[in-house]
Every structure is written in C-alpha cells, then in structure tokens.
Amino acid sequence: NAGVMQNPRHLVRRRGQEARLRCSPMKGHSHVYWYRQLPEEGLKFMVYLQKENIIDESGMPKERFSAEFPKEGPSILRIQQVVRGDSAAYFCASSPKTGTDNNEQFFGPGTRLTVL
Amino acid sequence: AQSVTQLDSQVPVFEEAPVELRCNYSSSVSVYLFWYVQYPNQGLQLLLKYLSGSTLVESINGFEAEFNKSQTSFHLRKPSVHISDTAEYFCAVSKRAAGNKLTFGGGTRVLVKP
C-alpha cells in the first residue's frame, strides 16, 4: 500500500507565476489536509478537504490560494501570482474515512516551493 | 481553539544520554495528542499518540511520552539516544474526533553528538 504521494518534490517559480502542488492520498483515504511549513517554523494547517468538498479552509490565505479534491484524481493546492513569502514546504496528509475516530494523519514527503 | 508550546527549540545531547522534549498544550475541549518526527528533507512520521487509556505511551524505537492532564503536558523521553535520533520533533494536538486539523508546536531540533 503506497503512502501519501506528493509531486513535484521541488518546485521553483518566479514571482507572479502559478504553482500547482499535487497530493495523492493513501488508498482508501478520503480526507486530505494541507499544511505549510515556513523556514524555521512548525507546520500550520491550511485546508481540509473530502472528495469534492472543502470542509475547513480556516488556515488558507484569503487571496491567491485555492484547493480542490475532485472525485477522480489527486488533490491540488494552487497558488496564483506567487511571491517570495510563499517559499515554504507544503505537506499533504490523509486519513481514513469517517468511522475511525483517532484522527491519525499520514504525511507525504512534501513539496518544497522556492520563489525567485 | 488549541495551541501547543514546545519550550525548547534545540536540544543538543550526547549519544547514549537521556533526552526529554517538553510539550504543553491548551484547549477548551478534550484532545488527542501526537508526536511526529521529521528527518532532514523528509516528511513527518508519526512517533506515538495518546488517544485514551494508559497515560504512558511507547514507540517501537524506545521513545515514550506521558499524558498529564492536570499539567496539560505530553513530554517525550528516551533513556538513551542514538546518532540516528538526530531530527526535528513536533508535538501536535487535535480535537477528539475524526476529520480535525492538527495544531503543531514549533518543533524541537535534537542534535545527537558522538
């Protein structure tokens, strides 16, 4: 059973470009979470999605950031018009569907975004 | 809302010495508690978790953590560290239900010296 997969592992963008980060959850998992780790800081929650629904986006910046988890395919975190402050490691985590109440989340290896 | 404080940002320790990483949390509701480990340039791996029952939980590689409700703490300990334990350790909490975000502390970087 493959773990959580993220791609690309490293992404370089120039200011003003768009960044698309992909996350494939573990098989059988229907909950996806995105976290951001700024340099020298801990992880901060961004958004929680289930298939085709955003459940909690309280940690998402109000502008330029969006996330989706379509019925088919990976979850996508999109950052439009990137700025240098967006440089960070973005981690995706997944957990099983409702019915297991321990909320254990399994993390992917992360995408390290560098904005030039 | 929950918050997590890891009091030590860095902990240097000699090989085979004991180590304790402190974690305190605040929450208005009951929580689950987790410790994650992050090796350089990698993602997070779950080290151990407290859900209910015995307040002392152990991992397969010698770490243990004790949940103290009165002190709202979940400190991590290992009696004898190895070079391979060099990593960053994150304490996290979530509400006691599925589908809730994790709130992380700032992390503690452990550097094991020979």
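A few notes on this one:
- Subset of the stretch B:1-31 [on the phi < 0 side of the Ramachandran plot, charged (D, E, K, R) and at pLDDT 95 or above]: B:Glu15, B:Glu20, B:Arg22
- Test: residue in the stretch B:58-71 that is closer than 20 Å to A:Lys44 by Cα, modelled with pLDDT of 90 or more, open to solvent by 50 Å² or more (accessible area, probe 1.4 Å) and within 10 Å of the chain's Cα centre (by Cα): no
- Evaluation of A:Pro25 against (1) open to solvent by less than 80 Å² (accessible area, probe 1.4 Å); (2) away from every other protein chain (no Cβ under 12 Å); (3) farther than 22 Å from B:Val37 by Cα; (4) under 11 Å from the mean Cα position of the chain (by Cα) (one fails), failing number: (3)
- Conditions (1) at pLDDT below 95; (2) closer than 17 Å to A:Arg112 by Cα; (3) open to solvent by 40 Å² or more (accessible area, probe 1.4 Å); (4) among the hydrophobic types (A, V, I, L, M, F, W, C); number of the one not met by A:Val83: (1)
- Residues of the stretch A:1-32 satisfying the condition of being more than 14 Å from A:Gly85 (Cα to Cα) and β-branched (Val, Ile, Thr): A:Val4, A:Val32
- Test: A:Met60 is open to solvent by less than 50 Å² (accessible area, probe 1.4 Å), out of contact with any Asp or Glu (no Cβ under 9 Å at 6 or more places or on another chain) and more than 30 Å from B:Ser9 (Cβ to Cβ): no
- Annotation: of all residues in the stretch B:88-111 being outside any loop (DSSP other than H, G, I, E, B) and open to solvent by less than 10 Å² (accessible area, probe 1.4 Å), the one that is nearest to B:Tyr39 (Cα to Cα) is B:Tyr89.
- Each residue in the stretch B:66-114 was checked for being of a type in the set (S, T, N, Q) and within 14 Å of chain A (Cβ to nearest Cβ), and 4 of them qualify.
- Matching residues in the stretch B:40-50 - criterion: being open to solvent by less than 40 Å² (accessible area, probe 1.4 Å) and touching a residue at least 12 places away in the same chain (Cβ under 8 Å): B:Leu44, B:Leu47, B:Leu48, B:Tyr50
- Looking only at the stretch A:88-116, and only at residues there that are in a loop (DSSP other than H, G, I, E, B) and more than 7 Å from chain B (Cβ to nearest Cβ), the one that is modelled with the highest pLDDT: A:Leu116
The values are calculated or read from the model by the stated rules, or taken from the named source; none is laboratory data. Treat the numbers as computed from the prediction; the structure is a model and nothing was measured. Please note: Cβ atoms are built from the backbone with ideal geometry, for glycine as well, and neighbour counts cover all protein chains shown. Each accessible area value is taken on the protein alone, full model and side chains, heavy atoms only, with ligands, DNA and RNA left out. Shrake-Rupley method; radii C 1.70, N 1.55, O 1.52, S 1.80 Å.
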